[in-house]
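Q: Quick one: the structure is below, and I'll ask about it shortly.
The values are calculated or read from the model by the stated rules, or taken from the named source; none is laboratory data. These numbers were taken from a predicted model, which means no experiment stands behind them. Cβ placement follows ideal geometry from the backbone for every residue including glycine, while neighbour counts extend to all protein chains displayed. We work out accessible area using only protein heavy atoms, side chains counted, and drop any ligands, DNA or RNA first. Shrake-Rupley method; radii C 1.70, N 1.55, O 1.52, S 1.80 Å.
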Amino acid sequence: MKWLACLAIFAAAFLANRRAGTAPLMWNDTFNDAVQVARCLDHGACSLVGVQTSIPGLYHAVAWLQLRTLLQWLGADAHGLLLFVQLLNALAATIAYFVATAVGGPIAGALAAAILVFGIDGLGVPIAGLNNLSSLLFLGAVLTLACTAVVMAPGAVAVVLAALVAAVTANVHLICALFGVSVVCVTLLAPRRRLLLAALGASAFAAAALAIAAPSWRHNLLAVLQRAPIPPSAEAVRWPPYPIVAWALFGVGAWVLAQLARARDRHAATGAVAVIAPPLAALLLAPHLGVRIDPKYLTPIRAACAVAAALPIGRIAHATLEVILPRTAFPLVARALPFAAALVIAWRASLGLAHPERVLTVDDLAGVAQVLRQQGWDDRQIARGFSTPARMTALTGLLQQQISAAPSAAAVAYDSALVLLLATDQLAAPLPPDWRVLRESAGTTVLLVLERSPLDWTRAAVCPVDGSACEPLTWDGFDPRGEGVNALPHMPRGGAWGGPLRLRVPILAAAPNRRGALFRPRGELCAGRIVAVDGVAADISADRRRVTFSPAGDAPAHVDVEWVVDSPDCPAVSYDGLPPFVVAGDAATVDRLERVLRRAEEAAAGGGAA
Amino acid sequence: MHFRSGRLPALALAMALLAAPALADEPLFARLRHGLATRLADRCITPAVDGVFQQLVEDGAFARAIGAGFTLADGNTRDERIQLAIEDVAGRRYTVALAPRPRPGQHADGEAGAFTLYVDRSAGDPPPAAATALLAAATALGKAIPDSAFAPCAAGDAGTGSRSAALANALAQIGVVLAALVFGVRRLGAGRW
């Protein structure tokens with residue numbers, strides 16, 4: 001029965017994971033990792049240092065890249081990698097259930113699984129995303145299991161195994177270096193042979209971490225030694241309002257009370273608390289040291305938090321049920337609870353359903369690549385003519401698609417391809433022939449709109465707002481797959497730059513009856529305003545978000561659009577070094593898209609107000 | 001990746017300093033930190049090397065070291081090593097590299113100051129006279145470059161490893177996690193089920 005319950009929790013958690021997405025989301029980290037792995041597999045040049053952390057100059061170690069390399073060497077594609085990660089996540093829920101059950105009984109076990117799935121959100125880590133955070137839920141769960149084993153039966157083997165798991169986890173993500181402290185803590189909290197085991201654990205952790213990824217640790221040590229002291233953060237110091245912090249504090253607090261009361265089972269949560277304490281302390285202390293810690297860094301302690309919080313609640317629930325239930329019914333209810341938890345997880349758990357509805361997936365990009373290759377587009381044309389919000393990331397993923405479809409005989413000379421995620425119910429059928437539906441799921445449609453653009457982006461120029469000379473954009477040689485490419489030449493770097501950005505885009509000559517238009521949407525985008533149109537008759541809307549212009553003749557004509565990067569209308573993270581997203585095309589096409597996009601904005605504003 | 005034995009105590013001390021960031025920013029500890037970084041980091045050559053090279057050319061030191069029959073053809077700094085080239089009267093060119101760090105697994109042709117010397121044999125072994133002249137020129141330059149022409153390398157590219165090493169590493173890590181998983185399940189399996 002006990003293993004059947006484990007199986008039920010595993011199956012339920014796996015189902016919930018699959019419901020959250022079966023194709024990896026479009027994510028910069030995923031594509032950057034893919035480049036590194038391809039270099040390793042194809043050219044035997046495997047990086048000895050992992051990807052850069054969000055702290056400049058510090059790098060993760062290579063364990064995640066090596067795992068990805070192994071899986072891809074075995075034949076896994078992006079879908080296979082996601083499936084593997086989802087299996088690990090399901091195992092994490094099972095391990096949390098198993099540990100809590102082993103030390104606190106089945107009620108605590110069921111609660112641990114439920115808290116992990118329902119009580120702690122994803123901390124901003126997309127469940128269908130692939131990067132080095134993807135395996136941390138599982139590794140944190142294994143470390144919780146290993147540390148609990150140290151407490152239950154202290155011994156050299158248990159300590160060394162816990163230290164090795166901590167080292168592997170630290171080599172996946174830099175924040176997990178704190179798990180070295182966890183191993184020392186758990187040995188010091190063990191019932192006997194504390195100092196000897198602590199020394200053994202620390203030595204095993206350091207030796208294993210260095211043996212796996214010495215260059216990374218040496219690199220980081222040097223970077224820290226060479227960097228200037230970090231000034232204290234100007235941000236007000238406050239406890240982050242994340243549910244995981246509440247669960248963690250509750251679990252640790254209950255454990256402290258159990259120690260003070262010298263409760264009989266006071267060691268039950270020690271392993272989990274040892275895993276929680278160092279990263280939690282870092283999160284709470286970091287603002288004092290001038291470092292802002294993202295909640296996603298707490299991903300590896302999610303399982304430990306669930307276990308630590310479930311144990312005291314489980315004890316109370318156990319005592320309560322014993323009182324209110326007939327003596328014969330209690331064991332049945334206790335044994336049935338894990339299965340009930342599994343049923344609820346399988347049917348109700350929402351592990352990030354919203355993500356595929358807001359972000360393109362790798363499958364969407366493959367669909368775009370298929371259509372564009374059929375149109376005869378090469379890499380150069382894709383880099384110039386494809387556009388979507390988060391264009392740099394999408395382009396990187398799109399150009400990584402190894403699709404070589406033969407050009408269709410019926411191909412039309414399109415030069416612009418827009419990809420949009422729209423609410424399905426706002427797209428009135430029938431769609432124009434140039435609009436292709438790439439995906440329809442959960443009320444969202446991924447739409448590819450092929451167009452002949454009225455604008456010539458290849459001759460666009462960056463124009464300083466002070467009126468000084470414009471500098472033409474350069475598309476030649478631009479390839480977003482290159483290392484460190486974060487802007488089109490002559491455009492400010494994407495990601496952290498802020499300031500006014502004005503682009504002058506020539507209007508192309510067109511057939512006399514073809515009116516062009518440009519509309520710039522709002523939302524999670526870098527939104528700007530249409531400043532002026534010269535050389536052609538034009539009608540700019542009152543909110544300066546849309547312009548309709550007559551066909552240009554022989555005289556030069558252009559439209560000026562301006563964005564203020566790092567402002568409320570255009571957060572710095574939404575600017576990626578490429579011309580921000582606009583909908584440009586034939587006036588009729590833009591009209592129709594504008595109506596849909598404005599309705600979506602109104603719906604979002606209404607939802608926000610509610 | 002290799003650690004010199006003298007680096008290990010420095011590594012331990014550096015880690016202790018990292019554990020106390022407030023202390024580490026004190027002037028005394030900041031100096032100590034800089035010293036540790038200098039010891040831990042590989043030494044990289046700086047543009048000051050160019051000045052030494054020019055001085056030796058102007059002083060005629062290369063001409064004296066090389067001797068008759070050869071002329072200095074080129075000297076440049078590239079990829080963290082200095083490269084010197086000489087030519088014989090027939091215009092054949094011979095090259096030697098001065099590397100600030102030994103190259104594992106590669107035969108060294110000598111040492112000069114802080115450098116290890118490697119004669120370029122990609123086009124075959126140079127004649128003994130050319131090799132002698134090359135090493136003489138390299139020795140003259142290597143010995144003339146002072147310590148002040150070096151600086152700790154920035155925390156930059158750590159290089160690459162082989163595919164088999166990466167795959168073996170991944171397998172080893174999976175093995176560790178699986179072992180811990182099985183061990184933990186067996187230990188806790190005897191608990192309150």
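Q: Am I reading the B/A interface right? What is its buried accessible area, both sides, 1.4 Å probe, to the nearest 100 Å²? Write out the running numbers ahead of the final one.
A: Working: alone 12810 and 27150 Å², together 35400 Å².
Approximately 4600 Å², summed over both chains.
Q: Let me ask you something else. Taking the dipole about the Cα centre of the range B:48-123, with the C-beta of Lys and Arg at +1 and of Asp and Glu at -1, give me whichever of B:T71, B:Q55, B:Y94 is farthest to the positive side.
A: It is B:Y94, whose Cα lies furthest towards the positive end.
Q: Based on DSSP H runs of at least 4 residues, each adding -39500 (n - 2.57), what is the mean residue ellipticity at 222 nm of chain A after dividing by all its residues, to the nearest 500 deg cm²/dmol? Kindly include the intermediate steps, with their values, before the conclusion.
A: Values: 18 runs with 293 residues, N = 610.
When only DSSP H runs of four or more count, the value is -16000 deg cm²/dmol.
Q: Going by a 1.4 Å probe on protein heavy atoms, which residues of the range A:190-223 end up with at least 20 Å² less accessible surface in the whole assembly than in their chain alone?
A: Flagged in the range A:190-223: A:L210, A:I212, A:A214, A:P215, A:R218, A:H219, A:L221, A:L222.
Q: What fraction of the Cα pairs in the protein assembly as shown, stated in percent, has a spacing above 55 angstrom? Don't jump to the answer; show the numbers that get you there.
A: Working: 73964 of 322003 pairs.
Tail of the P(r) past 55 Å holds 23 percent of the pairs.
Q: Within 10 Å of each Cβ in peptide A:157-164, how many partner chain Cβ atoms are there on average? Round it to a whole number, please.
A: Numbers: counts 4, 4, 0, 4, 9, 3, 2, 7.
So the per-residue partner count for this stretch is 4.
Q: Take the alpha-carbon centre of the range A:246-292, take the same for the range A:164-225, and report the distance between them in whole Å.
A: Value for the Cα centre distance between the two parts: 19 Å.
Q: 5 Å is the cut-off here: which amide hydrogens, built 1.01 Å from N in the peptide plane, fall below it relative to A:A460, excluding neighbours closer than 5 in sequence?
A: A:L473
Q: Pull up all non-local amide H partners of B:A112: gap of 5 or more, or a different chain, and H-to-H distance under 5 Å with H placed in the peptide plane.
A: Placed amide hydrogens put B:L117 under 5 Å from B:A112.
Q: Count charges around B:A180 for me, please; just the other residues with Cβ under 14 Å from its Cβ, Lys/Arg as +1, Asp/Glu as -1. Please list the in-between numbers first.
A: Values: positive: B:R186, B:R187; negative: none.
Overall, the nearby charge balance is +2.
Q: Moving on to the next point. Give the long-range amide H neighbours of A:V565: residues separated by 5 or more places, or on another chain, with amide H under 5 Å away, using H modelled in the peptide plane at 1.01 Å from N.
A: Distant-sequence amide H within range of A:V565: A:G499, A:L501.
Q: Residue by residue, what Karplus-based ³J(HN,Hα) values in Hz, rounded to whole numbers, does the range A:442-454 have, using 6.51, -1.76 and 1.60 with θ = phi - 60° and x for Gly and Pro?
A: So the Karplus estimates, Gly and Pro as x, are 6, x, 10, 10, 9, 10, 10, 10, 9, 8, 9, 5, x Hz.
Q: Can you tell me how the range A:493-603 classifies by the Cα gyration tensor, rounded, prolate or oblate, using a/c under 1.5 as the rounded cut? Please report the intermediate quantities before stating the final value.
A: On the way: a/c = 2.40, a/b = 1.44, b/c = 1.66.
It comes out oblate by the Cα gyration axes.
Q: Defining a contact as two alpha carbons under 8 Å apart and six or more residues distant in sequence, what relative contact order in percent does the range A:295-404 show? Write out the running numbers ahead of the final one.
A: Working: 26 pairs, mean separation 25.2, N = 110.
The normalised contact order for the range A:295-404 reaches 23 percent.
Q: Quick one: accessible surface of A:Y59, probe radius 1.4 Å, all protein chains present, in square angstrom to the nearest 10.
A: Solvent-accessible area, nearest 10 Å²: 60 Å².
Q: Another question, if that's okay. Between B:D50 and A:D121, what is the label-to-label distance in nm when each label sits 7 Å out along the Cα-to-Cβ direction?
A: In this crude label model, B:D50 to A:D121 measures out at 5.4 nm.
Q: Output ³J(HN,Hα) for the range B:161-170: one whole-Hz value per residue in order, computed from phi by the Karplus curve 6.51 cos²θ - 1.76 cosθ + 1.60 with θ = phi - 60°, and x for Gly and Pro.
A: Whole-Hz 3J(HN,Hα) from phi for the range B:161-170: x, 7, 5, 5, 5, 5, 5, 5, 4, 4.
Q: Moving on to the next point. What does the accessible area per residue of chain A come to in Å², with a 1.4 Å probe and no ligands, DNA or RNA counted? Each step should come with its number before you reach the end.
A: Values: 24940 Å² over 610 residues.
It amounts to 41 Å² per residue over chain A.
Q: Calculate one ³J(HN,Hα) per residue across the range A:461-474 by plugging θ = phi - 60° into the Karplus curve 6.51 cos²θ - 1.76 cosθ + 1.60, and present them in order as whole Hz with x for glycine and proline.
A: Here the 3J(HN,Hα) series is 9, 8, 10, x, 5, 7, x, 6, 4, 7, 10, x, 5, 10 Hz.
Q: Given a 1.4 Å probe, show me the residues in the range A:59-90 buried by at least 20 Å² of accessible surface when comparing the whole protein assembly to the chain alone.
A: At a threshold of 20 Å² (probe 1.4 Å), the residues of the range A:59-90 that become less exposed are A:Q66, A:L67, A:L70, A:W73.
Q: Calculate, for A:W3 and A:R327, the FRET efficiency according to 1/(1 + (r/R0)^6) with r their C-beta to C-beta distance and R0 45 Å; round to the nearest 0.05.
A: Values: r = 26 Å, r/R0 = 0.59.
Computed FRET efficiency for A:W3 and A:R327: 0.95.
Q: Here is a follow-up. Taking all protein chains as present, what is the carbon and sulfur share of the accessible area of chain A, in % to the nearest whole number, probe 1.4 Å? Mind dumping the intermediate values first?
A: Details: 15280 of 24940 Å².
Carbon-and-sulfur percentage of accessible area, whole number: 61.
Q: What is chain A's relative contact order, in percent, from Cα pairs under 8 angstrom and six or more apart in sequence?
A: It comes to 14 percent, rounded to a whole number.
Q: Taking the 0 to 90 degree range and rounding to the nearest ten, how far is the long axis of helix A:194-226 tilted relative to the main principal axis of chain A, both from C-alpha atoms?
A: 20 degrees
Q: Please determine, in degrees from 0 to 90 and to the nearest 10, the orientation of helix A:179-188 with respect to the longest principal axis defined by the Cα atoms of chain A, where the helix direction is its Cα long axis.
A: With both axes taken from Cα atoms, the answer is about 10 degrees.
Q: Calculate how steeply helix A:156-172 sits against the longest principal axis of the alpha-carbon atoms of chain A, using the helix alpha-carbon long axis, and give the answer as 0 to 90 degrees to the nearest 10.
A: Compared with the principal axis, the helix lies near 10 degrees.
Q: Please state the charge dipole magnitude for chain A, taken about the Cα centre, from unit charges on C-beta atoms (+1 on K and R, -1 on D and E), reported in debye and rounded to the nearest 20. Kindly include the intermediate steps, with their values, before the conclusion.
A: Numbers: 46 positive and 40 negative charges, 480 e Å.
Its charge dipole is roughly 2300 debye.
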